[in-house]
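Structure first, then comments.
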Amino acid sequence: MTASVLIIIDQPPYGSWAGREALDMAFALAAFDRPVSLLFRSSGVLWLAPDQDASAISQKTVLKNLGAATVFGVEALLADTVALADFGLSTAGLPAGSQPVTISPELYRQYHQVIQL
């Protein structure tokens, strides 16, 4: 069995490249048939916010990148329910394929490797 990987994104989508690098890593792992999931926690849940407009900072929104995640083989987009509530995000407004989760040791134990950039 191939080792599954959980990549944690806990940075907002704009202002740092860490989240985009984590997404690139997830795509690369998935391209080589590694089971990989993304966990958005803390301010990382802002990646999942609907109606993003990054034009003021001359960037494209990250929602299109996330929309391609399952096409590239990313198994799950997990969103911390506590962080969603903290940022006023509804689970109904999450991108397709997103799953609200409660962060717990059991969640992390489901994966062979956990990566946080």
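Observations
- Portion, in percent, of the accessible area of the chain that falls on carbon or sulfur, probe 1.4 Å: 55
- Based on DSSP H segments of at least four residues, each scored -39500 (n - 2.57), the chain has a per-residue ellipticity at 222 nm of -6500 deg cm²/dmol.
- Overall form of region 62-112 per C-alpha gyration tensor (a/c, 1.5; a/b vs b/c): oblate
- Range of Cα positions in the chain per principal axis (Å), largest first: 45, 28, 23
- In the full protein context, the chain carries 54 Å² of accessible surface per residue, based on a 1.4 Å probe and ignoring ligands, DNA and RNA.
- Cα long-axis angle, helix 18-31 against the chain (0 to 90 degrees, to the nearest 10): 40
- Between Glu75, Glu21, Glu106, the residue with the greatest mean-square fluctuation in the GNM of the chain (Cα pairs under 10 Å linked by springs) is Glu106.
The values are calculated or read from the model by the stated rules, or taken from the named source; none is laboratory data. What you see is a predicted model; the values in this text were computed from it and never measured. Heads up: the accessible areas ignore ligands, DNA and RNA and are worked out on the full protein's heavy atoms, side chains in. Shrake-Rupley method; radii C 1.70, N 1.55, O 1.52, S 1.80 Å.
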